[in-house]
Amino acid sequence: MNDPNGLIHHDGVWHLFFQHNAGGDEWGDICWGHATSPDLLTWTEHAVAIPAREDEMIFSGSVVHDAADDSGLGAGGEGPLLAFYTSAYRGHAVHGDDQAQSIAVSTDGGDTWSPYAGNPVHARGRTDYRDPKVFRFDGTAGAWWVMVAVDADASRLVVNVSDDLVHWRTTSTFTDDRVPGIWECPDLFALAVDGDPERVRWVLLLSTNGPDGGAQPVVIGDFDGETFAADPEVPVGLLDHGADLYAAASWNGVPGRRVLVGWMGQAFRAPTEGWQGAMSVPRELTLVGGPSGPRLASAVVAELAERERPSGELEIDVDIEVVLAPAGIRQRRIRATLAAGDAEVVDLAVHAGAHERTVLRWLVAEGVLELDRTRSGQIPDEALTRPTRAALPDPESRVLDLDVVLDAMSVEVLAAEGVVALSEIVLPGADSTQVRIAARGGRAHARVTVSDLVPD
Ligand code: FRU
């Protein structure tokens, strides 16, 4: 699997559709798989929701609940769920388009889906026009439906509006020189800075494939329902500094919360068999104010606390390496507040064993957080053996908070109140399950809670 698609919370159920090759563990013959969860933690996989066809693959998109049946595609007085996806035509173009936006309809709450007879519903005569995100815009001038999609190869966002979800009119396009590469999987949503309803800004989240690989730039600006304008004063941020998180998108239908999930595994093909790719831990997004403007912050969703079983809570002075958690399970959460003291470097080693370790390294004087996979186990690509670096928001700070979630094949790090995220795939051996901490050049102080993450 690759991108999450069609994220919607509907009738108490979290739906996660995803780019899926139902017939193999390589990308190809892509359709929409489907999983649901009552709590964002336990997922049940269902039958393929929207199958590929001989002449069409089903690329990324989104789902909305057309509660008022604006589309007229509902049944028995009930508004349908509508999936907006990209038809990627194979070996031929339809009306001159290789990619165009289509609809699938569900009148049974998302169990079964059928393509709309009038597909595609929006095309631009282009080869690379994809990844529609549809949402309801509710502004002072009225309410209507918005679809943002991308002219991927032209690094351009396309804003379309509709009253009935079937007929779409392009109102504007947007590009930004600060964001190079192929643009994919746009998401656009409003958040209140520091929770203040008087300070609402719009967040344009993109997935870009550029010269340095994949990234998820965050552009802050304003949106009036027809046009997005970036705020040139606010620097472009990154959702996550790691190499692997990609195509992350947020759920529709969750009033008051902006919950996001991303595909883990964009950077390389892991040596797994029979399956390939995974989703990140779901995260909740907020905007936090700062001197250079608002920044996107991520937190692990509160739901995960249900699965935490604290196995160690301690407050210690750190210099030489100590074991914080003995060998055991691989699913863990580590929350730490580090005070640098007179240390130059603080290392938190996870997935650690006799010969392996993945190191989260705080370079105190540089104000940098590194994720070092050079000894993390099997890394299939030489290029991935350099540590990934992220600049901390306050390079002078001698205190750092960390929230780290470990799964068998992943490390997800949220640092500095979630303003810095660093998530990557690792491939440690089954015995590499210790957590250790060490400081160099002096003595640091750490307050740490290590929890096992247990199944339901
Ligand atoms: C992003 C992406 C999307 C596209 C899908 C195809 O990973 O390339 O732009 O819709 O994957 O699987």
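The values are calculated or read from the model by the stated rules, or taken from the named source; none is laboratory data. For clarity, every value in this text was computed on a predicted model and none was experimentally measured. Note: ideal-geometry Cβ built from the backbone for every residue, glycine included; neighbour counts use all protein chains shown. Remember, those area values only see protein heavy atoms, side chains included, never the ligands or the DNA or RNA. Shrake-Rupley method; radii C 1.70, N 1.55, O 1.52, S 1.80 Å.
Among the residues of this structure, Gly118 counts as one that is touching a residue at least 24 places away in the same chain (Cβ under 8 Å), within 25 Å of Tyr89 (Cβ to Cβ) and assigned to a loop (DSSP other than H, G, I, E, B). Kindly check whether there is at least one residue in segment 63-80 that is within 16 Å of the ligand (Cβ to nearest atom) and in contact with a Pro (Cβ under 9 Å, 6 or more places away or on another chain). No, segment 63-80 contains no residue that is within 16 Å of the ligand (Cβ to nearest atom) and in contact with a Pro (Cβ under 9 Å, 6 or more places away or on another chain).
Looking only at residues of segment 183-203 that are more than 15 Å from Gly289 (Cβ to Cβ) and either touching an Asp or Glu at 6+ places or on another chain (Cβ under 9 Å) or open to solvent by less than 20 Å² (accessible area, probe 1.4 Å) (or both), we find that the one that is farthest from the ligand (Cβ to nearest atom) is Trp202. Only one of the listed residues (Arg295, Arg357, Arg389) is more than 25 Å from Leu41 (Cα to Cα), in the same structural domain as Gly242 (by TED's automatic domain parsing), in contact (Cβ under 8 Å) with a residue 60 or more places away in the chain and open to solvent by 20 Å² or more (accessible area, probe 1.4 Å). That residue is Arg295. Selection of first residues in segment 182-196 that are outside the structural domain of Tyr246 (by TED's automatic domain parsing) and of second residues that are within 10 Å of the ligand (Cβ to nearest atom), restricted to Cβ pairs under 9 Å at least 6 apart or on distinct chains, gives an empty result.
Tallying residues that are at pLDDT 95 or above, of a type outside the set (Gly, Ala, Ser), open to solvent by 70 Å² or more (accessible area, probe 1.4 Å) and not in a strand (DSSP E or B) within segment 30-78 yields 3. On the given criteria, is Val234 more than 16 Å from the ligand (Cβ to nearest atom), among the hydrophobic types (A, V, I, L, M, F, W, C) and within 23 Å of Leu81 (Cα to Cα)? Considered against the rule, which asks whether it is more than 16 Å from the ligand (Cβ to nearest atom), among the hydrophobic types (A, V, I, L, M, F, W, C) and within 23 Å of Leu81 (Cα to Cα), Val234 comes out as no. Scanning segment 268-294 for residues that are within 16 Å of the ligand (Cβ to nearest atom), closer than 23 Å to Leu204 by Cβ and among the small types (Gly, Ala, Ser) yields a single hit, Ser280. Of all the residues in segment 33-60, those that are free of Cβ contacts under 8 Å to residues at least 60 places away in the same chain, within 16 Å of the ligand (Cβ to nearest atom), in contact with a Ser or Thr (Cβ under 9 Å, 6 or more places away or on another chain) and not charged (D, E, K, R) number 2. Scanning segment 320-351 for residues that are surrounded by 17 or more Cβ atoms within 10 Å (Cβ to Cβ) and either of a type in the set (Asp, Glu) or free of Cβ contacts under 8 Å to residues at least 12 places away in the same chain (or both) returns a single hit, Asp347.
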